[in-house]
Amino acid sequence: MLKLVKLVFSAPMLAAVSLLLGAGTADAAIGRSEPWQMWFQTAATPVMERILEFHNLLLIIEILIVLLVVGIMCYIIFRFNAKSNPVPSKTTHNTLLEVVWTGIPLFILIIIAIPSLKLLYYADKVQDAEMTLKVTGNQWYWNYTYPGHGGFSFDSIFVPDEELKKGQPRLLTVDNPVVLPARTNIRLLLTSADVIHNWAVPSFGVKLDTVGGRINETWVNINEEGDYYGMCSELCGVNHAYMPIHVKAVSKADFAAWVATAKREFADGDDDAPRAAKLAKADIPAVAR
Amino acid sequence: MANETTVAETAHGADHGHHPSGWRRWLFSTNHKDIGSMYIVLSLIAAFVGGSFSVLIRMELAEPGIQFNLFWLDNEAAYLQFYNVLVTGHGFIMVFFVVMPALIGGFGNWFVPMMIGAPDMAFPRMNNISFWLLAASLVLLVIAAFTQGGPGTGWTVYPPLSNAEFHPGAAVDLGILSLHLAGASSVLGAVNFITTIFNMRAPGMLIHRMPLFVWAILVTAFLLLLAIPVLAGALTMLLTDRNFGTAFFDAAQGGDPVLWQQLFWFFGHPEVYIIIIPAFGIISQVISTFSKKPIFGYLGMAYAMVFIGFVGFVVWAHHLYTSGLDVDTRAYFVSATLVIAVPTGIKIFSWLATMWGGSIDFRTPMLFACGFIFLFVMGGVTGVALANAGMDIAFHDTYFVVAHFHYVMAIAAVFAMFSGFYYWIGKMSGRQYPRVLARIHFWLFFIGVNVVFFPQHFLGMAGMPRRIPDYPDAYAGWNYVSSIGSYITSASALLFFYIVWKTLRSGEKIAANQWGEGATTLEWTVESPAPFHTFEDTPDMTEK
């Protein structure tokens, strides 16, 4: 039994299954999904890599359970229909069987729980953060602050369809993407200025509520430079679908250069007048309440 | 007709059957069968409304972009709000006004007293008020949906979005009052069922001999009794936050928005078991009947439901994995949630073992029961995945969750409702449903719901969030497929309404026990339709 379990969960088997299901993702766009995608977005952080690895284990268990139940049902339909088996048996108990089908699921749950808890604690917080990004959810845009770089901040507002430039994805494009250095441990602090929002980037394995009056913490370490997209993932009112997240990951040197210009560009980042104009331009009702 | 009844009753020397006629029979009803029928009619009406909401949602999501505007809405923001109201209304209506009234109020009222050999429910007048509170509640909810933009909060009503600043106007207040009425209705119903089942069993109908449907309703009643007051408390706090200046959920004044989530899900998680446990009961009866075998592992089945009900109260925060809970708290909720797989596994395997060795008639109720097992297992395994807080980072608030809970809880419960309907409609109406149409209904519905919900797993894994009216173009393909499924399902639902009409109007008359040797519970010992007063003499079960 144990041998069988070991075989099923061995690395080559896991790789085969993930290859089968993730076929085509190798050359997929990084940081967002593709038409007819049936699988996760390509992992861009160590956390998402571990989530995918854990999911490979889960998926094998899920498929085996469904196949087992459907298989038994098909056999029953074939073998125990009224024509094939006119006289029903009267068996109503079998203690051994009942112990087995209570015990084996428990055993499977333990197999799941151990890597699950490891992943949970790994994804929670980072001990040695090299920098911090503060994210504030607003109806209906994100505000980003860099407390370790002089504390400048700016808004990241949805770009409506008619203003998109060629190649910019609809509903995912913002005026000011949030820029982060790759291969850096970044602490994320999240809060909200109004209702609850949720800052989520699927390829990062990051998804955390922004709640007014609280600061939630998580972390990210982006493997490679590139553009990564996400959407608000907590219902936050009429324009919930229109507050995308665009993370531009750059090298550390480029990031330092960007910080220098951004400090000047966003010196007045918290002024309300330009913000109101921008929101109006993006067709976001100032007070839809 | 009235005269005939009177003559017949006089001949029997009893006046139990003497009842008001016309509208008085229904408005003032204290008869468990009439009240049960009214619950089922209410459920059918609500299903039409809630189902239409879901089709509107799928029409909006069929293609990228905003599809259409409704004539009474003057701008796009109003339409986006209305979309959120559709999402909210679909959830509320399906949970509180379709599944619960059908499974608990409808089949529970009809068959719990009959199965235990009782003449009626313990508190017949309370039974009446339970029903009419629910009817009033539905009216309030529909009014709320069309008042000042409606409640666009989702059925979870999270503040601050649901507080007076972000939802001014009466819509959310009306919604809260509606839920209060529905809650009062459920608690009164629960008290009634518990008292009936504990005190009104026929001689020999010991607790450990009750049909599993009665067990299911008993467990459900306890869940309602313990969970609804927590919802009522939370709703009242929200109501006073909105109207009387309290600040339970307002962080700016020392309150906590996440407190609402804790309270809501302390109710909300048991609530999903309130929906699915009566379904377990129906499936057990149906599988046993058509396999012509007693249920396998009866005690295990009964206590699995008790255990599921108990564990259901200590896993609520798995709905809050991304709200910022402490990591150790999440670790506990992962472990507790995974445990639920054990009793649910016992149920699945016991159903299969009941069928094993049986001589199975695959009539329509049995088809729906087999469909239920498939859907429940599909949704069950994705539930095991979602139980893991680490994994949930990828799944939370995506369409994967939508697919999961529709499979495991919503559509599975609807399959149990259809199974119960075809199983018992002969007993309730005295008429046979059209057999071929019923089979077509099953296959259309089974294909339809799988086409709706299976692709949503892909959408969720690819990262599409829930509760959005428009989505990035990459998600267009599977959304289109899902919407096609919704149209197939609607066609099937309309066919079901036709079947109901056809059965009541021109179904052939049937005998007391239409299912033969497998149907061993007490309702099959009385004529069809079941007489207004079920048992002339208390059935004696001591020798059986």
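The values are calculated or read from the model by the stated rules, or taken from the named source; none is laboratory data. Computed from a prediction, not measured in an experiment: that's the story for all the values here. So basically every Cβ, Gly included, is an ideal-geometry build from the backbone, and we count neighbours across all protein chains shown.
Can you tell me which residue within the stretch B:317-337, out of those that are at the interface with chain A (Cβ under 7 Å from one of its Cβ atoms) and in contact with a His (Cβ under 8 Å, 6 or more places away or on another chain), is farthest from A:ASP124 (Cα to Cα)? Talk me through it step by step, then tell me what you get.
Here is the first cut: in the stretch B:317-337, the residues at the interface with chain A (Cβ under 7 Å from one of its Cβ atoms) are B:322-324, B:327, B:330-331, B:334-335.
So of that shortlist, the ones also in contact with a His (Cβ under 8 Å, 6 or more places away or on another chain) come out as B:322, B:334.
Details: B:THR322: 11, B:VAL334: 14 Å.
Looking at residues that are at the interface with chain A (Cβ under 7 Å from one of its Cβ atoms) and in contact with a His (Cβ under 8 Å, 6 or more places away or on another chain), I get B:VAL334.
Screening the candidates B:TYR332, B:TYR407 for the property of being within 28 Å of A:ARG79 (Cβ to Cβ) and either in a helix (DSSP H, G or I) or over 19 Å from the mean Cα position of the chain (by Cα) (or both) yields one hit, B:TYR407. Please go through the stretch B:269-322 and give me each residue that is among the hydroxyl-bearing types (Ser, Thr, Tyr) and surrounded by fewer than 22 Cβ atoms within 10 Å (Cβ to Cβ), ordered by number. Across the stretch B:269-322, the qualifying residues are B:TYR298, B:TYR303. B:ALA462 meets the conditions (1) surrounded by 24 or more Cβ atoms within 10 Å (Cβ to Cβ); (2) touching a residue at least 24 places away in the same chain (Cβ under 8 Å); (3) not polar (S, T, N, Q) in every case but one. The failed one is (2).
Taking the criterion of being aliphatic (A, V, I, L, M) and either within 14 Å of another protein chain (Cβ to nearest Cβ) or more than 23 Å from B:LEU325 (Cα to Cα) (or both), the only residue of the stretch A:132-145 that qualifies is A:VAL135. Yes or no: the stretch B:175-187 includes at least one residue that is within 14 Å of chain A (Cβ to nearest Cβ), on the phi < 0 side of the Ramachandran plot and touching a Pro at 6+ places or on another chain (Cβ under 6 Å). No, the stretch B:175-187 contains no residue that is within 14 Å of chain A (Cβ to nearest Cβ), on the phi < 0 side of the Ramachandran plot and touching a Pro at 6+ places or on another chain (Cβ under 6 Å).
Summed over the stretch B:254-272, residues that are within 13 Å of A:ARG214 (Cβ to Cβ) and of a type in the set (Gly, Ala, Ser) total 2.
Results for (1) part of a loop (DSSP other than H, G, I, E, B); (2) out of contact with any Phe, Trp or Tyr (no Cβ under 9 Å at 6 or more places or on another chain); (3) not aromatic (Phe, Trp, Tyr), shown as yes or no for each residue.
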position: B:GLY460; (1), (2), (3): no, no, yes
position: B:ASP470; (1), (2), (3): yes, no, yes
position: B:ALA474; (1), (2), (3): no, no, yes
position: B:GLY477; (1), (2), (3): no, no, yes
position: B:GLY485; (1), (2), (3): no, no, yes
position: B:ILE488; (1), (2), (3): no, no, yes
position: B:SER492; (1), (2), (3): no, no, yes
position: B:PHE497; (1), (2), (3): no, no, no
position: B:TRP501; (1), (2), (3): no, yes, no
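Here is a yes/no grid of residues against (1) out of contact with any Ser or Thr (no Cβ under 6 Å at 6 or more places or on another chain); (2) within 10 Å of chain A (Cβ to nearest Cβ):
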{"residue": "B:SER284", "(1), (2)": "yes, no"}
{"residue": "B:PRO294", "(1), (2)": "no, yes"}
{"residue": "B:VAL306", "(1), (2)": "yes, no"}
{"residue": "B:GLY357", "(1), (2)": "no, yes"}
{"residue": "B:PRO365", "(1), (2)": "no, no"}
{"residue": "B:VAL377", "(1), (2)": "yes, yes"}
{"residue": "B:ALA385", "(1), (2)": "yes, yes"}
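Is it fair to say A:ASN216 is in contact with a Ser or Thr (Cβ under 6 Å, 6 or more places away or on another chain), within 9 Å of chain B (Cβ to nearest Cβ) and polar (S, T, N, Q)? Taking the combined requirement at face value, the residue does not satisfy it. The residues of the stretch A:53-81 that are part of a helix (DSSP H, G or I), crowded, with 18+ Cβ neighbours inside 10 Å and either aromatic (Phe, Trp, Tyr) or out of contact with any helix residue (DSSP H, G or I) (no Cβ under 7 Å at 6 or more places or on another chain) (or both) amount to a single one, A:PHE54. Scanning the stretch A:154-171 for residues that are out of contact with any helix residue (DSSP H, G or I) (no Cβ under 9 Å at 6 or more places or on another chain) and either in contact (Cβ under 8 Å) with a residue 60 or more places away in the chain or under 23 Å from B:ALA77 (Cβ atoms) (or both) yields A:SER156, A:VAL159, A:ASP161, A:GLU162, A:LEU164.
Being modelled with pLDDT of 95 or more, at the interface with chain B (Cβ under 7 Å from one of its Cβ atoms), under 27 Å from A:VAL206 (Cβ atoms) and touching a strand residue (DSSP E or B) at 6+ places or on another chain (Cβ under 9 Å) is a property that holds for A:ALA123. In the stretch B:222-268, the qualifying residues are those that are of a type in the set (Phe, Trp, Tyr) and touching a residue at least 24 places away in the same chain (Cβ under 8 Å), and the one that is surrounded by the fewest Cβ atoms within 10 Å (Cβ to Cβ) is B:PHE222. On the stretch given as the stretch B:349-370, residues that are farther than 13 Å from B:VAL286 by Cα and free of Cβ contacts under 8 Å to residues at least 24 places away in the same chain total 1. Of all the residues in the stretch A:39-78, those that are of a type in the set (Lys, Arg) and more than 9 Å from chain B (Cβ to nearest Cβ) number 0. Using the structure shown, decide if B:ILE340 is more than 17 Å from B:HIS396 (Cβ to Cβ), at the interface with chain A (Cβ under 9 Å from one of its Cβ atoms), in contact (Cβ under 8 Å) with a residue 24 or more places away in the chain and of a type in the set (A, V, I, L, M). The answer is no for B:ILE340.
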